[in-house]
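Peer 1: Let me give you the structure first, and then I'll get to my questions.
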Amino acid sequence: MNVRAYRELNLKKGATEMEIKAAFRKLAKEHHPDTSQGGPADVEKFRTAYQAYQALLKETQKKAKIEFSAPVSPTPFRFESQKKHGLDLYVEIALVRPLSSEFEIILPFTAHEACPRCLGQGQTLGRLNFESQIYRPQTCPKCQGQGAIGQSKHLTVKVTEPMSQRGKFRLRGAGGYLPSQAKRGDLIVTLRFVDSLPVGN
Ligand SMILES: [Zn+2]
């Protein structure tokens, strides 16, 4: 957090890129050495404003950091779409525009683990049919032959990035699960910020 830079540009913490640019433009107009008549004080003011502008711009362009933590107050959201691509799960969420650039959302999701009964094989030990001498593998009743069982969980995501219109992040290993290869997909979440969610959500 660059407290001084925000103060320098008369901005609040979490200002958007647009606000940062506008604030700098305003100060630059007032204090630019080419146009202002103020002398050294203006030059100095212009220089510090420019440094603050550069620092804040860099900060807003940092990548989203994802953390897991205990649930705090969730930001209201609504699932808009969900699609699968291989093991990866893509989810689009409409989210009420958070007041700060640091916020948490709690996502209900289903985590898949290898079925403990069939050890992810999808089949339990088969039965030999004595008449036909055919060994028939049996579908595991616990996972219905899927090899994996789903468990609904809540995932708390802490997002620390000023996101203005959209935000996208990837949660490794939170997507689908392929028991035969013990392979996990990712959960890719796209956040779309809205001013309010429809009533009755
Ligand atoms: Zn099973």
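The values are calculated or read from the model by the stated rules, or taken from the named source; none is laboratory data. As the structure is a prediction and not an experimental result, all values here were calculated from the model. Neighbour counts are summed over all protein chains in view; Cβ atoms, including those assigned to glycine, are modelled from backbone coordinates with ideal geometry. These area figures cover heavy atoms from the full protein model, side chains too; ligands, DNA and RNA do not enter into them. Shrake-Rupley method; radii C 1.70, N 1.55, O 1.52, S 1.80 Å.
Peer 1: Could you say whether any residue in the stretch 150-161 is within 16 Å of the ligand (Cβ to nearest atom), exposed (fewer than 13 other Cβ atoms within 10 Å of the Cβ) and modelled with pLDDT of 80 or more? Talk me through it step by step, then tell me what you get.
Peer 2: We begin by selecting, within the stretch 150-161, every residue within 16 Å of the ligand (Cβ to nearest atom); these are 150-151.
Of the ones still in play, those that are also exposed (fewer than 13 other Cβ atoms within 10 Å of the Cβ) are 151.
Still in the running and modelled with pLDDT of 80 or more: none.
Scanning the stretch 150-161, I find no residue that is within 16 Å of the ligand (Cβ to nearest atom), exposed (fewer than 13 other Cβ atoms within 10 Å of the Cβ) and modelled with pLDDT of 80 or more, so the answer is no.
Peer 1: Further, regarding this structure: Just a yes or no: is a residue in the stretch 112-133 in a strand (DSSP E or B), more than 19 Å from K183 (Cα to Cα) and either at pLDDT 80 or above or assigned by TED's automatic domain parsing to the domain that holds H154 (or both)?
Peer 2: Scanning the stretch 112-133, I find no residue that is in a strand (DSSP E or B), more than 19 Å from K183 (Cα to Cα) and either at pLDDT 80 or above or assigned by TED's automatic domain parsing to the domain that holds H154 (or both), so the answer is no.
Peer 1: Quick one: which helices (runs of 4 or more DSSP H) lie wholly within the stretch 1-76 and hold at least 2 residues that are modelled with pLDDT under 80? Let's see the steps before the verdict.
Peer 2: Values: elements: 3-8, 17-31, 40-60.
Per the criteria, 17-31, 40-60.
Peer 1: Suppose the filter is open to solvent by 90 Å² or more (accessible area, probe 1.4 Å) and either touching a His at 6+ places or on another chain (Cβ under 6 Å) or modelled with pLDDT of 80 or more (or both); does Q144 pass it?
Peer 2: For Q144, the condition - open to solvent by 90 Å² or more (accessible area, probe 1.4 Å) and either touching a His at 6+ places or on another chain (Cβ under 6 Å) or modelled with pLDDT of 80 or more (or both) - is met.
Peer 1: If I filter the stretch 168-176 for residues that are in a strand (DSSP E or B) and modelled with pLDDT under 70, do I get at least one hit? Please lay out each step first, then the result.
Peer 2: Taking the stretch 168-176 as the starting set, the residues that turn out to be in a strand (DSSP E or B) are 168-171.
Narrowing further to those that are modelled with pLDDT under 70: none.
So far as the stretch 168-176 goes, no, none of its residues is in a strand (DSSP E or B) and modelled with pLDDT under 70.
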